[in-house]
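Written below as structure tokens is the structure these notes are about.
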Amino acid sequence: STSLDFELSTATSSASFEISTADTLLFGKYFFLEEAKKCGVQIAVENLFCLHKENKKKLTANACSTGLELAATVDALGDPFVACIDVGHSGLAGQSAAEMIRTLGKKRLHALHIHDNDGTAAKHMTIGDGNIDFGNVFKKLRRYMGNYIIEARSLESAVESLDRLNAL
């Protein structure tokens, strides 16, 4: 019998690889699906962006950059797939986190990755050091009961981010 000590895994499609989000999700679905179901693990699909083909410094939307696209993907994949909004990725190439939260709703949204950015890249900055309006984001999350994951470049940044979030 297989035993895992986590309840949620996040599937991402890295902008560094020449593979489509759809290919990544199909691979993930067939590779992880039976084990995840057997072990009661949900697989969260994260909103991402990719690098523009001609200009690698420019970000562009991909298959899950908006709430509607992420909802359609999660709905098409079915159980055990759920949505993860990476707040720091939202708005870089797609939609704001607040808009995505409203679109996905409580049924689909099970995880949040939280970090700040300056609007140009996913820099995983300390909360409050960038330009994301976390007050507005957290207003949309009043009834949210899923996982919150602070993504930080250091332990000090993570602790500072947590302190700033608690002060909201």
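Just so you know, all these numbers are worked out from the coordinates, no wet-lab data involved. What you see is a predicted model; the values in this text were computed from it and never measured. Quick reminder, even Gly has a Cβ in these numbers, built from the backbone with ideal geometry, and neighbours come from all protein chains shown.
Given the Cα-Cα distance of residue 143 and residue 39 and 0.36 nm per residue of separation, how much length would full extension add, in nm?
Values: separation 104, 0.36 × 104 = 37.44 nm, distance 2.70 nm.
Additional length available on full extension: 34.7 nm.
Could you tally up the Lys pairs in segment 98-168 with alpha carbons closer than 22 Å? Skip any pair fewer than 8 positions apart unless they're on separate chains.
Working: 106/139; 106/140; 107/139; 107/140.
Going through segment 98-168 pair by pair, I get 4.
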Any idea how far apart residue 153 and residue 123 come out in nm if each label point goes 7 Å out from Cα toward Cβ?
0.8
